[in-house]
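K.L.:
Okay, handing you the structure first.
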Amino acid sequence: MSLLGRVETILTIVLLILAWLTVSLRFWVRGRMTKSLGWDDGFMLLSLVLFTCYSTFILLIIYNGGFDHLPVSSKVVKTINYVLLAESFYVLATTALKIALGLFFLRILTKIWQRRTFYVILAISSVYGCLYVFVVIFQCKDPKDLFIHVITDTCLPDAFLLTAGYLYSSINTVADWTFVLIPLVMLSTANMDRKTKFSVGIIMALGAVGSVGSILRIIYMKGIIFGPDFFANASYVAIYATVEAGAGIAAGSLATLRPLMRQAAQAVRLSIHRSSQSRSSNQRKYFKSSRTTRSGTEPFDEESQIMSTQVPAAGQRDTSSAAASNDNFEMVPTVSSRSDGEDGAGRDPWSLEHPAGQITKVVDVHVTSEDRIRQ
């Protein structure tokens, strides 16, 4: 398999999965959340089915070596028929896609000139799409004898086929940009805040993603003409056709998922809020447990501690035994009582005497709950 064949295979599979996923979500939102299924959803589903058929034939072409310079000789006839079928389903899929996008934007348009413009674009795109698919199918007269007409060069003139192809891609491009620019102009004058306008504008602009494939497909339009290098040239046309249809379906469906995105955003914010509340609750429990551990069973109240330090008595200072005598002194934490009761009359109830004649110096240290916490 050539490099282009591998690229087209991966691209086709990825876009096919993405298209099915986004269309499924579209029907979930329209059918279950907003209860607003419409004709645009039906045409988008039709476009998805046709794109699936197109992708199937593209993969069959690649399997038979169709993206090489020349496929396997025993499979040439079958491969040429697959090419014709793939091109036909591409035209049908993109035509249904344009109708789906047009009907979607018609839901939000209110001015008469805007709606008339959309109806004209829809009519031109639909009618020409149906005509062009007949040109593709019968370009070499009876499709059953396609291979014979190709090798005998009895198909429609190349100039006619190229003109028809250029016109179809041009109509698709104009339709895509019309379907986006008019709603954006309407949005610019709407009574919304800037953030809402920006988000809605991005969603609307997604509808024009498929036009990129239409523009690039015009560049390689000669690849659709049967000839000696048809299979080599057609690979580029197939790649951009796949992008146009697949990305267009996915983008057009994403534009309808704003209610789901809004609900998901609310769920994320709620989850973050609950997580924050849970952390705050755990911090409060830890703080309360820490206070109980430090102060016993009672909560922190303002209290006093008495710390005793050694002060030698006059005339009895023994420096040689200072280290040993220090062991006889200790901090004596207690709750101070400043009431002048009977037990406290005429003496200091907090003074301690040392066996060697030394006394303790009483220091009243005022400790609050905040000091405890800092410790």
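K.L.:
Within region 36-44, does at least one residue satisfy the condition of being within 24 Å of Tyr168 (Cβ to Cβ) and touching an Asp or Glu at 6+ places or on another chain (Cβ under 7 Å)?
P.N.:
Within region 36-44, none of the residues are within 24 Å of Tyr168 (Cβ to Cβ) and touching an Asp or Glu at 6+ places or on another chain (Cβ under 7 Å).
K.L.:
Kindly indicate whether Lys111 is more than 28 Å from Thr242 (Cβ to Cβ) and either touching a Phe, Trp or Tyr at 6+ places or on another chain (Cβ under 9 Å) or assigned by TED's automatic domain parsing to the domain that holds Leu46 (or both).
P.N.:
Taking the combined requirement at face value, the residue satisfies it.
K.L.:
Moving on. Which residue, of Phe198, Phe160, is at pLDDT below 80 and of a type in the set (Phe, Trp, Tyr)?
P.N.:
Being at pLDDT below 80 and of a type in the set (Phe, Trp, Tyr) holds for just one of Phe198, Phe160, which is Phe198.
K.L.:
Is it true that Tyr132 is closer than 14 Å to Lys98 by Cβ and either in a helix (DSSP H, G or I) or modelled with pLDDT of 80 or more (or both)?
P.N.:
For Tyr132, the condition - closer than 14 Å to Lys98 by Cβ and either in a helix (DSSP H, G or I) or modelled with pLDDT of 80 or more (or both) - is met.
K.L.:
Tell me which residues, restricted to region 95-128, are small (Gly, Ala, Ser) and touching a residue at least 40 places away in the same chain (Cβ under 8 Å).
P.N.:
Matches in region 95-128: Ala96, Ala100, Gly102, Ser125.
K.L.:
Of all residues in region 36-50, which are under 18 Å from Leu106 (Cβ atoms) and in a helix (DSSP H, G or I)?
P.N.:
Of everything in region 36-50, those that are under 18 Å from Leu106 (Cβ atoms) and in a helix (DSSP H, G or I) turn out to be Trp39, Asp40, Asp41, Gly42, Phe43, Met44, Leu45, Leu46, Ser47.
K.L.:
Could you check region 48-64 and list, in sequence order, the residues that are within 18 Å of Thr94 (Cβ to Cβ) and either of a type in the set (Phe, Trp, Tyr) or without any contact (Cβ under 8 Å) to a residue 12 or more places away in the chain (or both)?
P.N.:
Val49, Phe51, Tyr54, Thr56, Phe57
K.L.:
Val180 - would you say it is loosely packed, with under 13 Cβ neighbours inside 10 Å, modelled with pLDDT under 85 and in the same structural domain as Glu87 (by TED's automatic domain parsing)?
P.N.:
Considered against the rule, which asks whether it is loosely packed, with under 13 Cβ neighbours inside 10 Å, modelled with pLDDT under 85 and in the same structural domain as Glu87 (by TED's automatic domain parsing), Val180 comes out as no.
K.L.:
Suppose we keep only residues that are hydroxyl-bearing (Ser, Thr, Tyr) and surrounded by 16 or more Cβ atoms within 10 Å (Cβ to Cβ) within region 3-51. Which one would you say is farthest from Ala238 (Cα to Cα)?
P.N.:
Among them, the one singled out is Thr22.
K.L.:
Another question about this same structure. Out of curiosity, is Ser55 within 16 Å of Trp20 (Cα to Cα), of a type outside the set (Phe, Trp, Tyr) and either crowded, with 24+ Cβ neighbours inside 10 Å or modelled with pLDDT of 90 or more (or both)?
P.N.:
Judged against the criteria, Ser55 is a match.
K.L.:
Here are Ala93, Ala100: which of them is closer than 29 Å to Arg6 by Cβ, of a type in the set (A, V, I, L, M) and part of a helix (DSSP H, G or I)?
P.N.:
Ala93
K.L.:
Then there is this: Hey, Ala267 hits all of (1) modelled with pLDDT of 65 or more; (2) more than 20 Å from the chain's Cα centre (by Cα) but one; which does it fall short on?
P.N.:
Going through (1) modelled with pLDDT of 65 or more; (2) more than 20 Å from the chain's Cα centre (by Cα) one by one, Ala267 breaks only (2).
K.L.:
Go through Leu21, Leu70 for me and flag whichever is more than 26 Å from Tyr132 (Cβ to Cβ), assigned to a helix (DSSP H, G or I) and either at pLDDT below 85 or in contact with a helix residue (DSSP H, G or I) (Cβ under 9 Å, 6 or more places away or on another chain) (or both).
P.N.:
Result: Leu21 is the single residue among Leu21, Leu70 that is more than 26 Å from Tyr132 (Cβ to Cβ), assigned to a helix (DSSP H, G or I) and either at pLDDT below 85 or in contact with a helix residue (DSSP H, G or I) (Cβ under 9 Å, 6 or more places away or on another chain) (or both).
The values are calculated or read from the model by the stated rules, or taken from the named source; none is laboratory data. Only a predicted model underlies this, so the values are computations on that prediction, with no experimental measurement involved. Neighbour counts are summed over all protein chains in view; Cβ atoms, including those assigned to glycine, are modelled from backbone coordinates with ideal geometry.
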